[in-house]
Amino acid sequence: MYYTLENKRYGVGIAATQVGKDVAISVIDTKPTPTRPDLVRQKLTIINPEIVTGYGRRIGQWEGCISGPDLYAQVPRYPRIRLKWMDETAEEHEQDFDGFLAHVIQHEVDHLNGVLFVDRVKDTKSYMTFREYKKMRAKTTTSA
């Protein structure tokens, strides 16, 4: 799964269900991408993940999916979560995550529960194509 993710230029996470495996495993690699060049690389393998709690008010952030790469929209997610999971050595963990990593974890856990990001979109006017998203990100990156 890391190989598949590494070869997806814009991908930062993938769930086993996206590669045809019916197991509760996701891998996350928040590498810098052309639309998010300032990302800090963080790798995480989560097995049988459970979001124990979400903290704060859900905030809309831009989200896409490597399973449907031509669609982006604003998806409300918790800014901070508490996650319980096992790693690839079967060691159990429970930890808080925040920011972009928390956002990606929520997306991947949703995949494992049969939920797609489009199921979470509240403002349907926020949908845009990948081309529109790249253009919007280029404007916000250069003006920041």
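The values are calculated or read from the model by the stated rules, or taken from the named source; none is laboratory data. Keep in mind it's a predicted model, so treat the numbers as computed, not measured. Please note: Cβ atoms are built from the backbone with ideal geometry, for glycine as well, and neighbour counts cover all protein chains shown.
Observations, loosely collected:
- Residue 112, sole failed condition from (1) in contact (Cβ under 8 Å) with a residue 60 or more places away in the chain; (2) over 20 Å from residue 21 (Cβ atoms); (3) more than 11 Å from the chain's Cα centre (by Cα): (2)
- Of the residues making up segment 75-86, those that are within 22 Å of residue 123 (Cα to Cα) and surrounded by fewer than 19 Cβ atoms within 10 Å (Cβ to Cβ) are 76, 79, 80.
- Near pairs, Cβ below 8 angstrom, 6+ apart or cross-chain, from segment 1-22 (under 22 Å from residue 133 (Cβ atoms) and part of a helix (DSSP H, G or I)) to any residue that is among the acidic types (Asp, Glu) and modelled with pLDDT of 90 or more: 5/29; 6/29
- Verdict on residue 45 being surrounded by 12 or more Cβ atoms within 10 Å (Cβ to Cβ), among the polar types (S, T, N, Q) and in contact with a Leu (Cβ under 6 Å, 6 or more places away or on another chain): no
- For the residues 94, 132, the requirement of being part of a helix (DSSP H, G or I) and farther than 14 Å from residue 28 by Cβ singles out 132.
- Test: residue 66 is over 20 Å from residue 5 (Cα atoms) and either touching a helix residue (DSSP H, G or I) at 6+ places or on another chain (Cβ under 8 Å) or not charged (D, E, K, R) (or both): no
- Verdict on residue 68 being assigned to a strand (DSSP E or B) and under 28 Å from residue 126 (Cα atoms): no
- Filtered residue count, segment 53-65, keeping only those that are touching a residue at least 24 places away in the same chain (Cβ under 8 Å) and either surrounded by 13 or more Cβ atoms within 10 Å (Cβ to Cβ) or touching a Gly at 6+ places or on another chain (Cβ under 9 Å) (or both): 7
- Residue within segment 12-34 that is more than 15 Å from the chain's Cα centre (by Cα) and polar (S, T, N, Q) present: no
- Qualifying residues in segment 62-91 (those that are of a type in the set (A, V, I, L, M) and either modelled with pLDDT under 95 or under 18 Å from residue 24 (Cα atoms) (or both)) - the one nearest to the chain's Cα centre (by Cα): 66
- Residue 71 being in contact (Cβ under 8 Å) with a residue 60 or more places away in the chain, of a type outside the set (Phe, Trp, Tyr) and touching a Ser or Thr at 6+ places or on another chain (Cβ under 8 Å): no
- When we screen 50, 92 for residues that are more than 25 Å from residue 135 (Cβ to Cβ) and loosely packed, with under 12 Cβ neighbours inside 10 Å, the only hit is 92.
- Test: residue in segment 41-58 that is part of a strand (DSSP E or B), under 13 Å from the mean Cα position of the chain (by Cα), modelled with pLDDT under 95 and farther than 16 Å from residue 24 by Cβ: yes
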